[in-house]
Amino acid sequence: MSDVPPATTAPAEREAASGSPGPAGRPVTGDDPALRAAYRLCRRRTKDQDPAEYALIQLVPAALRPALHALWAAANALDDLGDDRTAPAAERAARVAAWIAALHRELPTGASPDPVRHALVDTANRWRLDLSELRDAMTQVQDDTRGRHFADWAQWRTWGRDNLLPWFGLVRTVFDRAGVPVALRLDTRETYEEFLDGVRLTDILTDLAADLAQGDLLLPAEALDLHPGSAADLAQRRWSPAVAALIAHLTGLARQWVTQEALTRGMHPGPATVLHTMAALLHAQLDAVDAAGPALLNSPPRPALRTRARVLAPARARAALAWSLTPLTVPPPHHPGSPGPPAPARPAPTSTFRRPPPHPSGEQPPAIPPGRLPAHVAVIMDGNGRWAQQRGLPRHEGHRAGAGAVREVVHGALDIGLRHLTLYTFSTENWHRDPEEVDAILGLLRGELAEDPFRDLDVRLRWHGRAGRLPPDLADLLHLRERTTRARTGLTLTMCIDYGGRDELTRTAAALAGRARAGHLDPALIAEDDFARHLPLADMPDVDLLWRTGGEQRVSNFLPWHTAYAELHFTPGLWPDTDRRDLWQALTTYTHRQRHHGATPAAAAQLTPGVTK
């Protein structure tokens with residue numbers, strides 16, 4: 001079997017042998033011996049270090065396997081650098097940073113002296129993978145060298161998902177590029193993330209002995225506190241009733257999380273078989289953890305070979321049948337300097353964010369002290385259609401021009417240090433517009449998300465709106481951008497897409513009613529903070545400044561709960577003519593307002609000492 005993917009479009013069962021002739025008599029696998037060796041190394045490392053992962057990759061067509069081996073080997077190589085306790089933490093962090101920086105330099109060249117990175121950059125260019133999505137996952141490995149402590153399951157889940165989701169997302173992209181999209185239904189996304197929580201917890205339980213030997217305990221205090229004494233016993237590598245109860249509790253949780261039958265409903269049978277088999281192997285691994293007893297603290301447990309065989313034998317048959325009926329599109333290799341356009345792979349992740357480009361005029365933001373800036377600005381971007389009509393253009397050209405204004409305003413928000421910016425992008429009422437205009441707006445959103453113009457900026461992207469009516473590929477992109485930017489700490493940019501304020505309040509009331517019906521809330525005692533906790537984005541701060549362009553003076557069903565005490569700012573200019581200087585002017589105007597929140601001016605000043613608004 002070839003260790004370098006063939007350049008062909010063919011049914012999955014057509015596996016090209018290494019060096020077999022291509023359409024013009026050339027070897028379809030290319031003629032780079034270093035690249036061949038790099039892919040072979042990735043395959044061998046996967047097989048030796050994670051037999052279960054290797055067995056799962058064997059369930060996909062041969063043409064896709066080298067890419068998956070390269071992705072697995074790269075993730076594991078970074079983890080190995082971070083976990084190498086023969087070096088002090090600072091040195092390990094420096095090695096991880098150097099590995100990431102080298103990948104950033106090498107991606108445009110398509111080659112690397114490091115064999116794992118060589119396979120990774122070839123995979124990225126061949127399959128057009130956006131490696132910038134790995135920024136936070138790779139940076140997390142660097143941060144992990146300083147040790148980790150989790151107070152609760154919420155912190156633990158964030159850590160685990162930030163690490164796993166980007167890598168699994170690239171695997172899904174490989175399937176998508178091959179013509180077998182692994183699109184997740186909107187109602188299964190939390191299920192998918194919970195499944196990966198189960199993967200992570202199973203991995204931690206399996207590697208418990210190795211982690212304890214290094215002084216690591218990658219479990220949340222919330223779980224340990226349920227079994228008093230278990231943390232101290234584990235630190236001493238001592239098996240006790242508390243530890244036994246803890247392990248039983250955790251394996252039960254992991255089994256619950258990896259048992260997600262709804263996840264593959266409606267999915268192509270090839271990827272569905274891989275996920276079902278993965279779940280079965282995880283259950284077998286958890287059985288081995290349970291059966292290990294005190295030995296769990298000394299060596300990693302492994303399922304018996306016959307157990308794995310019982311899972312894998314029927315899976316191979318099902319996978320072979322599924323893929324035999326599936327035509328795949330496998331991209332050819334691209335060598336830098338060869339004729340034809342280069343593959344549009346995105347830059348590799350770096351550990352730092354760049355500054356936004358300066359305004360063409362050279363104008364700088366006003367010097368507003370951070371304490372006087374609003375924490376949250378929400379914008380109704382009005383006037384796109386009128387802008388286009390004034391120029392004799394179709395309405396959708398106004399939306400296209402408006403996308404440039406969004407970039408400008410985001411750059412201005414970063415320039416001045418704004419923390420939260422929320423944009424009314426597409427309302428629940430916008431569905432009533434002409435279908436051609438709706439399609440154009442959704443297509444523009446799809447293109448902007450795919451291009452990801454803020455990927456090198458410290459911008460966290462969030463989506464606020466209904467799930468279920470957007471095209472699945474657009475929703476997939478929104479979730480991808482949310483997932484890969486969730487650890488960023490600069491500007492939080494919330495895009496309200498298929499959003500309506502009354503719809504948000506109705507859904508919140510329904511959630512409260514469900515909690516009350518289940519006996520978790522007393523309806524007579526429901527207060528404002530209960531309502532706020534059940535909002536779809538419960539952690540969104542109140543809006544300080546609501547700005548509407550286009551000359552209209554109404555709030556249009558936008559964030560009614562969050563704008564209860566917002567200052568209102570209306571400007572006549574149409575949105576496509578807006579740039580960052582308009583945002584700065586709005587912020588300057590805000591600083592001259594006096595905000596009372598229903599109190600007298602003197603009382604309001606006492607509520608916010610030292611700040612005049």
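The values are calculated or read from the model by the stated rules, or taken from the named source; none is laboratory data. Values in this document were obtained by computation on a predicted structure and should not be read as measured data. Cβ atoms come from the backbone with ideal geometry, glycine included; neighbour counts cover every protein chain shown.
Could we say that Arg407 is at pLDDT 90 or above, within 25 Å of the chain's Cα centre (by Cα) and part of a loop (DSSP other than H, G, I, E, B) here? Spell out how you get there, then give the answer.
Details: at pLDDT 90 or above: yes; within 25 Å of the chain's Cα centre (by Cα): yes; part of a loop (DSSP other than H, G, I, E, B): no.
Against the criterion (at pLDDT 90 or above, within 25 Å of the chain's Cα centre (by Cα) and part of a loop (DSSP other than H, G, I, E, B)), Arg407 does not qualify.
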Exactly one of Arg157, Arg126, Arg135 is at pLDDT 85 or above, in a helix (DSSP H, G or I) and either buried (at least 20 other Cβ atoms within 10 Å of the Cβ) or hydrophobic (A, V, I, L, M, F, W, C) (or both), and that one is Arg126
Here the residues within the range 538-575 that are free of Cβ contacts under 8 Å to residues at least 40 places away in the same chain and among the aromatic types (Phe, Trp, Tyr) are Tyr565, Phe570
Every listed condition ((1) in a helix (DSSP H, G or I); (2) within 23 Å of the chain's Cα centre (by Cα)) holds for Arg148 save (1)
Note: among Ala288, Ala315, just one is in a helix (DSSP H, G or I), within 31 Å of the chain's Cα centre (by Cα), at pLDDT 95 or above and under 19 Å from Glu53 (Cβ atoms), namely Ala315
Some residue of the range 534-543 being at pLDDT below 95, more than 26 Å from Ala413 (Cα to Cα), surrounded by 15 or more Cβ atoms within 10 Å (Cβ to Cβ) and not aliphatic (A, V, I, L, M): yes
If we ask which residues in the range 116-140 are closer than 22 Å to Asp83 by Cα and charged (D, E, K, R), their number turns out to be 3
Output for Cβ contacts, cut-off 8 Å, separation at least six or different chains, first residue without any contact (Cβ under 8 Å) to a residue 24 or more places away in the chain in the range 436-455, second exposed (fewer than 15 other Cβ atoms within 10 Å of the Cβ), reads Val438/Trp431
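On the phi < 0 side of the Ramachandran plot, surrounded by fewer than 18 Cβ atoms within 10 Å (Cβ to Cβ) and outside the structural domain of Leu129 (by TED's automatic domain parsing): which single residue out of Gly443, Gly402, Gly468 fits that description?
Working: Gly402 fails: surrounded by fewer than 18 Cβ atoms within 10 Å (Cβ to Cβ); Gly468 fails: on the phi < 0 side of the Ramachandran plot.
Just one listed residue meets the conditions, Gly443.
Do we have Thr508 as in contact with a helix residue (DSSP H, G or I) (Cβ under 7 Å, 6 or more places away or on another chain), polar (S, T, N, Q) and outside any strand (DSSP E or B) here? Break it down stepwise before answering.
Numbers: in contact with a helix residue (DSSP H, G or I) (Cβ under 7 Å, 6 or more places away or on another chain): yes; polar (S, T, N, Q): yes; outside any strand (DSSP E or B): yes.
Yes; evaluated as a whole, the condition is true for this residue.
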Sole miss for Ala345 among (1) modelled with pLDDT of 95 or more; (2) surrounded by 15 or more Cβ atoms within 10 Å (Cβ to Cβ) is condition (1)
So, first residue modelled with pLDDT of 90 or more in the range 202-219, second residue of a type in the set (Ser, Thr, Tyr), Cβ within less than 8 Å, six or more apart or across chains; the pairs are Leu205/Thr251; Ala209/Ser299
Across (1) touching a His at 6+ places or on another chain (Cβ under 9 Å); (2) crowded, with 21+ Cβ neighbours inside 10 Å, Glu437 clears everything bar (2)
With criteria (1) closer than 22 Å to Ala137 by Cβ; (2) buried (at least 21 other Cβ atoms within 10 Å of the Cβ), Asp498 comes up short on (1)
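Taking the stated definitions as given, is Leu474 outside any loop (DSSP other than H, G, I, E, B) and modelled with pLDDT of 90 or more? Even if it seems obvious, please write down each step before you answer.
On the way: outside any loop (DSSP other than H, G, I, E, B): yes; modelled with pLDDT of 90 or more: no.
No, not satisfied.
Mind checking which residues of the range 418-464 are part of a loop (DSSP other than H, G, I, E, B) and touching a strand residue (DSSP E or B) at 6+ places or on another chain (Cβ under 9 Å)?
Leu418, Arg419, Asp452, Phe454, Arg455, Leu457, Asp458
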